[in-house]
Amino acid sequence: MIDLRSDTVTQPTPEMRRAIAEAVVGDEQKREDPTVTALQERVADLLGQEAALFVPTATMANQIALKLHGRPGDVLLAEETSHVLVYEYGGVAAHAGMVTRGLPGHAGRITSDQVLAAAEPSMKAADQRVSVLSLENTHNNAGGRVWPLAELDELVSTARQLGLAVHLDGARLLNASVALGVEPAAIASRFDTVTLCLSKGLGCPLGALLAGSRELVDRAWREKHLFGGAMRQAGIVAAAGVYALDHHVERLADDHARARRLAEGLVAAGITIDLEQVETNFVQIDLAPLGFDRAEALAVLRAAGVGLSATIHPTVVRAVTHLEITDEDVESAVELIPAVLLTAVRA
Ligand SMILES: Cc1ncc(COP(=O)(O)O)c(C=O)c1O
């Protein structure tokens, strides 16, 4: 199958497996794992932050960060389809005791005016207030959309004026930096905390990092223990992260080019895609004009050898390119997807 369901489906490459096998490891909880330490220092540097913490998942990185920034009863603002609001099982309520407020976005982005309006003090005398703003870049549910730097600047400076902490869910931050042609730090350094995921476009089996100031990362260590995420010889997986940062970052541009080629090929064949949306490695296909039931479309495509997946939008499915998808796969998908979807409609 040409597996375009997600960039999380990749297997470690033989070279990555070699790096894993040769990793020098130690007891991470005692901060004695040299490979974890090296990865943390490297990611802090890459993101323009003082320190970073290795955790098993990007969800845990987000949850720890948001818990550091908000007290029970505080309000978290985020775009309404962002990962922290939709897919993290209400963790912000469970772990941080925060109230969430989702703001409608365009391409996954919200505006300063929306934040200003949402942060307006309530009539209550008690101190119930918006205290945290979380942004996502690239934005998953918007189809891998990228924040222009000027918009980020404006929003972060508004948040600072309001005294809000700002977190970036940068699970796919390196896709954004490659798409914009800027250093990751040019995006990430303006935030209080930043999540970076290793198991998406970077192709690692697992792992994520939470970066921030030394003080916040010291506090994050405590939360990591509390979450049960403090590990032992974790260098086994951190080694994959170090390998990926050496070998799998620049090539993200290939994933983006393949997504663009796939989108343009499908549009030329009569499939409905908003080409403006295709900024990184996601292609969102709208089935509405075909009148095709989504579950059925996914099933027939899979039977024909192409794996796509559902999105939060009821009629939209997505194709995501990643390091196992070749130019030949893209050409085959450009043939197969219209053949299946358009033939079935005609039948
Ligand atoms: C934007 C974003 N943030 C966070 C996550 C969570 O990653 P994980 O499943 O590794 O916890 C994902 C996963 O898809 C994501 O797309």
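The values are calculated or read from the model by the stated rules, or taken from the named source; none is laboratory data. Computed from a predicted structure; not experimentally measured. Glycine also receives a Cβ, built like all others from the backbone with ideal geometry; neighbour counts cover every protein chain displayed. Heavy atoms of the whole protein, side chains included, go into the accessibility calculation; ligands, DNA and RNA do not. Shrake-Rupley method; radii C 1.70, N 1.55, O 1.52, S 1.80 Å.
At-a-glance table
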quantity: Computed E for T343/Y87 - FRET, C-beta separation, R0 51 angstrom, nearest 0.05; calculated: 0.90
quantity: Label point at E154 placed 7 Å out along Cα→Cβ; residues across region 161-190 whose backbone nitrogen lies under 16 Å; calculated: 161
quantity: Candidates G265, G48, G228: whichever shows maximal mean-square fluctuation once the chain is modelled as a Gaussian network with Cα springs under 10 Å; calculated: G228
quantity: Three-way shape label, region 261-347, alpha-carbon gyration tensor, a/c 1.5; calculated: rounded
quantity: Rounded accessible area of R129 (nearest 10 Å², 1.4 Å probe); calculated: 100 Å²
quantity: Spatial separation of Cα centroids for region 240-272 and region 195-217, in angstrom; calculated: 21 Å
quantity: Over the chain: helical MRE at 222 nm, DSSP H runs n ≥ 4 each giving -39500 (n - 2.57), nearest 500; calculated: -12500 deg cm²/dmol
quantity: Rounded if a/c under 1.5, otherwise prolate or oblate - the chain, Cα gyration tensor axes; calculated: oblate
quantity: Net length gained if the chain between A186 and H106 were fully extended (0.36 nm per residue, minus Cα distance); calculated: 26.5 nm
quantity: Highest-fluctuation residue, E250, E279, E215 considered, GNM on the chain with Cα pairs under 10 Å; calculated: E215
quantity: Candidate aspartates and glutamates - alpha carbon under 14 Å from K224, same-chain residues fewer than 8 apart omitted; calculated: E28
quantity: Where labels lie 7 Å past Cα in the beta-carbon direction, separation of E41 and L226 in nm; calculated: 2.9 nm
quantity: Projected label distance in nm at A288 and Q161, using a 7 Å step from Cα toward the beta-carbon; calculated: 3.6 nm
quantity: Around V330: net Lys/Arg minus Asp/Glu count, Cβ-Cβ under 9 Å; calculated: -2
quantity: Highest-first arrangement of 114-122, 54-62, 284-292, where packing means the average Cβ count within 10 Å; calculated: 54-62, 284-292, 114-122
quantity: Peptides ranked, highest mean first, by Cβ atoms within 10 Å: ranges 96-103, 169-176; calculated: 169-176, 96-103
quantity: Contact order relative to length of the chain, as percent, for alpha carbon pairs under 8 angstrom and 6 or more apart; calculated: 24 percent
quantity: Global form of region 169-281, assessed from the alpha-carbon gyration tensor, a/c cut-off 1.5; calculated: prolate
quantity: Gap separating the Cα centres of region 13-32 and region 97-173, nearest whole Å; calculated: 36 Å
quantity: Accessible surface of region 195-337 [probe 1.4 Å, protein heavy atoms]: carbon and sulfur percent; calculated: 51 percent
